[in-house]
Amino acid sequence: MSEAGATLKKVSLLEIALSFNHIALASFGGGLSAWSREVVVVQKQWMSEEEFLSAMTMCRIVPGANQVNLAVFVGTKLKGMAGAIAALVGLCLVPVAMILTLGFVYFTFKEVPAVKGALHGASAAAVALTLTMVIKTGQKCLTGVMPIALFLAAFILNGILRWPLLEVLGILAPLSLIWAWPRKRAEA
Amino acid sequence: MKTYLSLMGLFGSLSLLSIGGGNTVLPEMHLRAVSGHHWMTNSQFADIFSISQAAPGPSILIVALVGYAAGLGVAGVAGGIAGGLLATVAMVIPAATLMYLITLSWQKAQKSKLRYAVEKGFAPLTVGLILATSLVMSKAADHDWRAYLVTGVATLIFVRTNTNPLIVVGAAALLGYIGFV
């Protein structure tokens, strides 16, 4: 963390905005969180894997769109309020212009342009990118009985049984905190 | 003017109600935009939902399209664009401000036990939720065996090689465009 802190100081607002713009534009068809990890953790190394993953869940608990919250988290960590604004503008500016253009076409011609097939194909690859994130991050943090149990419980409750996220977290978040809480006496 | 005030009021409050992500307020958004304000029809809402899911950027930008439809009735295309921008700002700013304040105190709590436990404990939980997301994503996109095949091959490429993901996503988009997927 401390060696990462030294390089963080040099990040410019423009670089933050451009990085989040890149994340947003690369995610056509979906896979925004996988792209966020690809840029923030792998390419720029602004955050460690664990810090990024836990931030993702925090961003789900706090009101607001998850990806918007994540941009604010990363931007604030890098450069305070100015960083948060740069990340938000980078994430939203070009996509808003694009989606309003699509809206104009849709409401004028009553037809979604013939990109539907292309987006359907892209979404299959976006799912692959998200699965890849599961495999790569899983190799690093699923290293014991408790982590694997938490992982499986979250997947089954939210993905298979389709419980609402808040109920899943209501049960699993306290369990995971109890498991991960630093216990000095036991270890000393 | 009244329409714009309604837009700001609606999305400003939905912003802070969207606990668990933007998708949680979609039913309320649908109700208010279609039955409450009559900004659009039911099938138009379904169409803008799929546009916002597929378009690049956060899927919460569906609010820009709701705002566009609302403004369209007031002052044509220019009114629509104004409505779209206003709806986006109203949806993003309140929650983002809250997130900013939370992040600030989180950054100060560098050495706290809670932060240590959250970073260690939430990681496996998050990986499970992401796996759930990818399952839900492919179901929502109505994928058949060919799409699953593309997903499988693309996953292999991502895990085994260092290929730029954009090339793979682009190739899959091309497959979709020519009608394979």
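Bear in mind these aren't lab numbers, they're just calculated from the coordinates by the rules spelled out. All figures in this text were calculated on a predicted structure; none of them were measured in a lab. Note: ideal-geometry Cβ built from the backbone for every residue, glycine included; neighbour counts use all protein chains shown.
Structural remarks
- Cβ-based charge dipole, the protein assembly as shown, positive-most Cα from B:VAL77, B:GLN53, A:ALA82: A:ALA82
- Relative contact order for segment B:25-158: 11 percent, from Cα pairs under 8 Å spaced at least 6 residues apart, divided by residue count.
- The angle separating the long axis of helix A:145-155 from the principal Cα axis of greatest extent in chain A is about 30 degrees.
- In order along segment B:27-36, the phi-based Karplus estimate (6.51 cos²θ - 1.76 cosθ + 1.60, θ = phi - 60°) of 3J(HN,Hα) comes to x, 5, 4, 4, 4, 5, 6, 8, 7, x Hz; Gly and Pro are listed as x.
- Computed P(r) (all Cα pairs; chain A; 10 Å bins; percent): 8, 29, 33, 22, 6, 1, 0, 0
- Relative contact order computed over chain A (Cα-Cα under 8 Å; 6+ residues apart), in percent: 23
- With 29 Å as the limit on Cα-Cα distance, the pairs of A:LYS116/B:LYS2; A:LYS10/B:LYS108; A:LYS116/A:LYS140; A:LYS44/B:LYS113; B:LYS108/B:LYS139; A:LYS116/B:LYS120 that go past it are A:LYS116/B:LYS2; A:LYS116/A:LYS140; B:LYS108/B:LYS139; A:LYS116/B:LYS120.
- Residue (of B:LEU166, B:PHE11, B:TYR116) at the positive-pole extreme of the protein assembly as shown, dipole from beta-carbon charges: B:TYR116
- Nearest-ten-degree value, helix A:116-141 long axis tilted from longest Cα axis of chain A: 20
- Across peptide A:92-98, the mean count of Cβ atoms from other chains lying within 10 Å of each residue's own Cβ comes to 6.
- Note: relative contact order over segment A:87-188, using C-alpha pairs below 8 Å and six or more positions apart, is 12 percent.
- Per-residue ellipticity at 222 nm, computed for chain B from helices alone with -39500 (n - 2.57) per DSSP H run of at least four residues, works out to -26000 deg cm²/dmol.
- In order along segment B:46-57, the phi-based Karplus estimate (6.51 cos²θ - 1.76 cosθ + 1.60, θ = phi - 60°) of 3J(HN,Hα) comes to 4, 5, 5, 4, 5, 4, 5, 5, 8, 5, x, x Hz; Gly and Pro are listed as x.
- Derived scalar couplings ³J(HN,Hα) [segment B:165-181; Karplus, 6.51 cos²θ - 1.76 cosθ + 1.60; whole Hz; x for Gly, Pro]: x, 4, 5, 5, 4, x, 5, 5, 4, 5, 4, x, 5, 7, x, 6, 9
- Residues B:HIS38, A:HIS120, B:HIS143 arranged by fewest to most Cβ contacts within 10 Å: B:HIS38, B:HIS143, A:HIS120
- Dipole magnitude of the protein assembly as shown about its Cα centre (Cβ charges: Lys, Arg +1; Asp, Glu -1), debye to nearest 20: 860
- Inter-part distance, segment A:31-109 to segment A:111-167, computed on C-alpha centroids, equals 18 Å.
- Gyration tensor (alpha-carbon) shape descriptor, the protein assembly as shown, a/c threshold 1.5: prolate
- Cα lying deepest toward the dipole's positive end in segment A:1-110, options A:GLY29, A:TYR106, A:ALA17, charges on Cβ: A:TYR106
- Residue exposure proxy: B:GLU28, A:GLU51, ordered by other Cβ atoms within 10 angstrom of their Cβ from fewest to most, comes out as B:GLU28, A:GLU51.
- Average partner coverage of B:142-152, which counts Cβ from other chains inside 10 Å: 4
- For the segment A:152-164, counting C-beta atoms of other chains within 10 Å of every residue's C-beta and taking the mean gives 5.
- When B:VAL136, B:VAL63 are sorted by how many other C-beta atoms sit within 10 angstrom of their C-beta, beginning with the fewest, the order is B:VAL136, B:VAL63.
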